[in-house]
Amino acid sequence: MGLRKADKKNPVAAFTLCLLLGATTGLASQAQHASPHAARPLSSQKLVARMTLEEKIGQLVLLPAVVQGKEVTLSQDQRELVREGKAGAILNLVGAEATDQVQAIAIRESRLGIPLVFAADVIQGRNTIFPIPLALAASWNPSLVREVARRAAEEAWASGVRWTFSPMLDVSRDPRWGRMAEGPGEDPYLASRLARAWVEGFQGKGLGQPGTLASCPKHFVAYGAAEGGRDYNSVEVSDHLLWEVYLPPFLEAIRAGAPSIMAAFVSLNGIPAVANQKLLRDLLRKQLGFQGVIVSDWGALGELTIHGVAKDRVEAAFKALRAGIDMDMSSEIYLRNLGSAVRAKRELEALLEEAVLRVLEFKRRLHLWEHPFTQPLPPPSASWTKLDRELARKAATQTFVLLKNEGGVLPLSPTIRRIALVGPLFDNSETPLGPWRTRQPQSGAVTLLEALQEELGDRGEILTAGWPWGQPTQRDKAKVLACARQADVVLLSIGELVHMDGESASRATLGLPAGQEELVELVASVHKPAVAILFNGRALALPELVNQVPALLEVWFPGVESGHAICDVLLGKESPSGRLPVSFPRSVGQLPVYYNHRRTGRPPGQMFTSRYIDSPVDPLFPFGYGLTYTQFQYGACQSTPRSFHRREKIRVGAWIQNVGKRPGEEVVQLYVRALSGELARPIRELKGFQRIYLLPGQRQWVEFSLQAEDLGYWDPEGVFRVEPGIYQVWISPNSQEGIPGTIELLEG
Ligand code: BGC
């Protein structure tokens with residue numbers, strides 16, 4: 001049996017060393033705009049030595065810009081705080097002019113001229129809005145995610161942003177939680193691969209380089225397990241689950257070089273994350289070896305009194321600093337109360353200085369002294385918009401998941417002339433943008449109606465019948481029926497309105513909203529070929545819909561190129577190639593439904609087994625599921641050799657053949673299962689995936705390399721264990737299908 005500690009290094013020593021090494025570099029060359037104060041090549045430590053208590057605290061203050069009329073700006077009071085050196089970072093102030101103006105105050109008018117860092121939530125892009133993160137997870141394509149993050153970083157960088165509160169790495173098994181839309185889905189392996197891609201995409205060639213953003217993985221940790229799927233609710237997870245499910249993406253993001261992490265506002269096992277010393281100092285810093293800045297989530301310090309773990313705001317400041325929160329986002333607890341806390345408890349001074357050093361070092365790594373102001377990006381920045389729109393369109397098509405396609409309704413036959421667009425969403429330009437578009441300046445999405453009109457010109461006829469979010473009238477219903485009757489095919493645009501997903505948007509039901517079941521029934525009664533196009537930001541429970549329509553295309557919230565991308569897939573210019581990053585349940589009563597559960601001593605079967613008497617236990621659509629316009633056949637899973645020792649590798653492969661009539665992309669998935677061990681292991685765990693493209697009739701040998709570590713697991717103490725024994729291995733199209741092969745990891 002092998003053991004591997006997450007990180008044995010002493011992070012504090014490493015951190016200090018890193019400061020000393022970097023000490024003489026960052027401030028040496030100053031931008032032409034820099035203040036005379038900042039021009040001195042001071043090390044972070046010397047800078048700290050010159051700071052007053054208020055200035056030190058100031059570096060830990062993250063001020064949110066305020067909305068004034070149509071503008072997002074800093075108030076006069078906030079500008080004064082910047083002038084007094086009482087702010088270290090600004091959130092949500094965007095635009096070259098606005099950020100440069102405020103930066104000038106920090107650089108030229110504050111006593112020490114320390115630059116500010118401008119932060120924003122670049123979740124779906126900045127100007128160009130890409131598909132929501134859950135949709136990007138459905139692409140199972142880390143290169144695509146890397147590319148999207150890179151382009152989003154360039155757009156944001158040009159408008160002054162240097163730090164993004166992204167990626168959101170909260171694995172979630174509960175689709176009632178609206179923030180599933182912002183995250184990577186239910187699986188820690190997929191989430192980890194995407195975590196690395198996001199971080200690498202944002203940070204490009206290195207922090208501080210033009211066009212890059214510092215990433216801030218969030219929300220540490222297990223926020224996705226909020227009880228009952230209710231946002232902000234308490235989280236209770238075992239240490240074991242923490243290590244197995246919720247920590248891996250963060251660990252991977254740290255390894256990929258994330259320089260900051262956001263602590264969640266929820267409590268974990270009774271202690272709010274921002275006051276949780278064990279979580280932040282022991283686990284995140286010591287065990288995971290994270291040395292960067294820890295920032296609180298919005299207002300989280302202010303909530304400590306509400307949670308009931310601080311008697312007043314001074315105690316909240318004390319507990320947060322003691323726990324390891326370096327920066328306080330927007331609560332002003334540090335700004336107004338940390339001074340009193342430090343004066344009352346002198347031992348806090350050392351912690352305060354450590355936090356300030358970390359923030360200064362972060363700014364140094366971003367080259368803020370050298371380049372405090374915005375700069376235009378070199379060419380080809382001029383062609384951004386076009387390139388980004390192309391990428392947004394391509395990205396969206398890869399995120400769509402074809403859930404059903406009975407009788408080959410899709411792609412639509414070129415002979416179709418009359419298309420009925422029905423439902424509430426075919427001409428909606430807001431919803432396809434997804435929940436994070438509200439804080440970003442950009443245009444609406446291309447609607448399905450617009451794109452189809454563009455595409456068909458006078459070669460076809462489009463009939464439309466909307467559907468209200470309120471009570472449908474007899475007229476609404478009659479129009480739907482008339483439209484459907486006249487058409488060759490009916491495209492039903494249904495699903496959730498954008499405000500039903502994202503923060504503070506938990507749902508207790510997971511069916512179609514706003515009477516859309518009735519709409520589906522009306523269309524089904526006409527017996528025309530029908531395609532349901534589903535907009536949503538979470539897994540939904542839609543067994544009736546699946547029974548009533550021959551074809552179902554999950555498009556999530558596809559971003560600004562929504563209509564074009566949907567048309568590309570409906571008309572067969574592109575094949576749908578997304579796969580579900582979350583299991584779709586049959587009902588809310590089944591929750592949680594996730595593929596990597598344990599087997600139990602009594603797997604579902606007849607009486608006295610782990611089952612429901614009124615529902616199957618398996619999901620409606622499993623994790624990893626998705627069809628395309630062709631079919632793939634999987635050969636048997638073979639391994640060479642069949643048994644291996646630690647430090648050896650094994651190759652596992654299978655022949656995959658395109659047995660359909662069209663070219664297509666397949667996401668080939670590798671799963672493993674330990675048949676015995678100290679801990680009961682999940683019935684399957686994803687360990688690899690590859691996207692392949694095959695022409696009709698073409699076949700390809702798809703191979704994965706496995707090593708002992710891929711079969712290991714984190715135990716409840718955070719020790720990585722690899723146990724010898726027999727393992728099942730699947731190479732399959734999703735988490736439910738396939739015939740396993742077996743491999744053996746030998747002793748020693
Ligand atoms: C969210 C964070 C976000 C922050 C700043 C909070 O409400 O939980 O994800 O980064 O606001 O906008």
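The values are calculated or read from the model by the stated rules, or taken from the named source; none is laboratory data. Note that the structure is a prediction, hence the values are computed from the model and not measured. Cβ sites come from the backbone with ideal geometry, for glycine too, and all protein chains shown count toward neighbours. Quick note on the areas: whole protein, heavy atoms, side chains included, nothing else; ligands and nucleic acids left out. Shrake-Rupley method; radii C 1.70, N 1.55, O 1.52, S 1.80 Å.
Going through ARG285, ARG364, ARG281 one at a time, which residue ends up being out of contact with any Cys (no Cβ under 6 Å at 6 or more places or on another chain), part of a helix (DSSP H, G or I) and over 27 Å from ARG179 (Cα atoms)?
So the residue among ARG285, ARG364, ARG281 that is out of contact with any Cys (no Cβ under 6 Å at 6 or more places or on another chain), part of a helix (DSSP H, G or I) and over 27 Å from ARG179 (Cα atoms) is ARG364.
Inspect the stretch 178-199 for any residue being in a loop (DSSP other than H, G, I, E, B), charged (D, E, K, R) and over 15 Å from the mean Cα position of the chain (by Cα) and give the result as yes or no.
No, because not a single residue in the stretch 178-199 is in a loop (DSSP other than H, G, I, E, B), charged (D, E, K, R) and over 15 Å from the mean Cα position of the chain (by Cα).
State whether one or more residues within the stretch 200-215 are of a type outside the set (A, V, I, L, M), in a loop (DSSP other than H, G, I, E, B) and within 16 Å of the ligand (Cβ to nearest atom).
The answer is yes; a qualifying residue exists.
What residue, among those in the stretch 216-225 that are among the hydrophobic types (A, V, I, L, M, F, W, C) and outside any helix (DSSP H, G or I), is nearest to the ligand (Cβ to nearest atom)?
Once the filter is applied, the top-ranked residue is CYS216.
Can you name the residue in the stretch 55-73 that is within 16 Å of the ligand (Cβ to nearest atom) and at pLDDT 95 or above and is also farthest from ALA156 (Cα to Cα) among such residues?
Checking each candidate, the answer is VAL61.
Please state which one of ALA149, ALA153, ALA138 is of a type in the set (Gly, Ala, Ser), closer than 30 Å to PRO581 by Cα and either within 15 Å of the ligand (Cβ to nearest atom) or in contact with a strand residue (DSSP E or B) (Cβ under 6 Å, 6 or more places away or on another chain) (or both).
ALA138
Could you grab me the full set of residues in the stretch 306-330 that are more than 16 Å from the ligand (Cβ to nearest atom) and among the charged types (D, E, K, R)?
Across the stretch 306-330, the qualifying residues are LYS311, ASP312, ARG313, GLU315, LYS319, ARG322.
Which residues, taken from the stretch 584-593, are open to solvent by less than 30 Å² (accessible area, probe 1.4 Å) and outside any loop (DSSP other than H, G, I, E, B)?
PHE584, GLN590
In the list LYS661, LYS687, which residue meets the criterion of being in contact (Cβ under 8 Å) with a residue 60 or more places away in the chain, on the phi < 0 side of the Ramachandran plot and charged (D, E, K, R)?
LYS687 is the lone residue from the list that is in contact (Cβ under 8 Å) with a residue 60 or more places away in the chain, on the phi < 0 side of the Ramachandran plot and charged (D, E, K, R).
More than 17 Å from PHE130 (Cβ to Cβ), open to solvent by less than 10 Å² (accessible area, probe 1.4 Å) and in contact (Cβ under 8 Å) with a residue 24 or more places away in the chain: is that true of SER192 in this structure?
In short, no.
In contact (Cβ under 8 Å) with a residue 12 or more places away in the chain, in contact with a Lys or Arg (Cβ under 7 Å, 6 or more places away or on another chain), buried (at least 21 other Cβ atoms within 10 Å of the Cβ) and of a type in the set (S, T, N, Q) - does that describe any residue in the stretch 594-609?
yes
Go through ALA392, ALA382 for me and flag whichever is crowded, with 23+ Cβ neighbours inside 10 Å and either at pLDDT 85 or above or more than 15 Å from TRP163 (Cα to Cα) (or both).
ALA392
Of everything in the stretch 452-483, what is aliphatic (A, V, I, L, M) and farther than 12 Å from LEU421 by Cβ? Give them in sequence order.
ALA478, LEU481, ALA482, listed by residue number.
Would you please name the residue that is most open to solvent (accessible area, probe 1.4 Å), looking only at residues in the stretch 270-287 that are basic (Lys, Arg) and either within 13 Å of the ligand (Cβ to nearest atom) or over 24 Å from the mean Cα position of the chain (by Cα) (or both)?
It comes out as LYS278.
Which condition from (1) open to solvent by 10 Å² or more (accessible area, probe 1.4 Å); (2) closer than 27 Å to ASN233 by Cβ; (3) part of a loop (DSSP other than H, G, I, E, B); (4) away from the ligand (no atom under 16 Å from the Cβ) is the one that PHE290 breaks?
Just one mismatch for PHE290, condition (1).
For the stretch 65-86, state whether one or more residues are in contact with a Gly (Cβ under 7 Å, 6 or more places away or on another chain) and among the aliphatic types (A, V, I, L, M).
no
If you take the residues in the stretch 226-246 that are in a helix (DSSP H, G or I) and closer than 24 Å to ALA505 by Cα, which one is most open to solvent (accessible area, probe 1.4 Å)?
GLU227
Kindly check whether there is at least one residue in the stretch 422-430 that is in contact with a strand residue (DSSP E or B) (Cβ under 7 Å, 6 or more places away or on another chain), crowded, with 23+ Cβ neighbours inside 10 Å, closer than 30 Å to LYS70 by Cα and of a type in the set (Phe, Trp, Tyr).
Yes, there is a match, as at least one residue in the stretch 422-430 is in contact with a strand residue (DSSP E or B) (Cβ under 7 Å, 6 or more places away or on another chain), crowded, with 23+ Cβ neighbours inside 10 Å, closer than 30 Å to LYS70 by Cα and of a type in the set (Phe, Trp, Tyr).
For the stretch 293-305, does any single residue satisfy the condition of being open to solvent by 30 Å² or more (accessible area, probe 1.4 Å), farther than 30 Å from GLY228 by Cα, at pLDDT 95 or above and more than 16 Å from the ligand (Cβ to nearest atom)?
No, because not a single residue in the stretch 293-305 is open to solvent by 30 Å² or more (accessible area, probe 1.4 Å), farther than 30 Å from GLY228 by Cα, at pLDDT 95 or above and more than 16 Å from the ligand (Cβ to nearest atom).
Please enumerate the residues belonging to the stretch 247-266 that are open to solvent by 10 Å² or more (accessible area, probe 1.4 Å), part of a helix (DSSP H, G or I) and over 19 Å from GLY206 (Cβ atoms).
If the condition is that a residue be open to solvent by 10 Å² or more (accessible area, probe 1.4 Å), part of a helix (DSSP H, G or I) and over 19 Å from GLY206 (Cβ atoms), then PRO248, LEU251 are the ones that fit.
For the structure I just gave you, tell me whether ARG173 is more than 14 Å from the ligand (Cβ to nearest atom), part of a loop (DSSP other than H, G, I, E, B), in contact with an Asp or Glu (Cβ under 6 Å, 6 or more places away or on another chain) and closer than 28 Å to VAL668 by Cα.
Considered against the rule, which asks whether it is more than 14 Å from the ligand (Cβ to nearest atom), part of a loop (DSSP other than H, G, I, E, B), in contact with an Asp or Glu (Cβ under 6 Å, 6 or more places away or on another chain) and closer than 28 Å to VAL668 by Cα, ARG173 comes out as yes.
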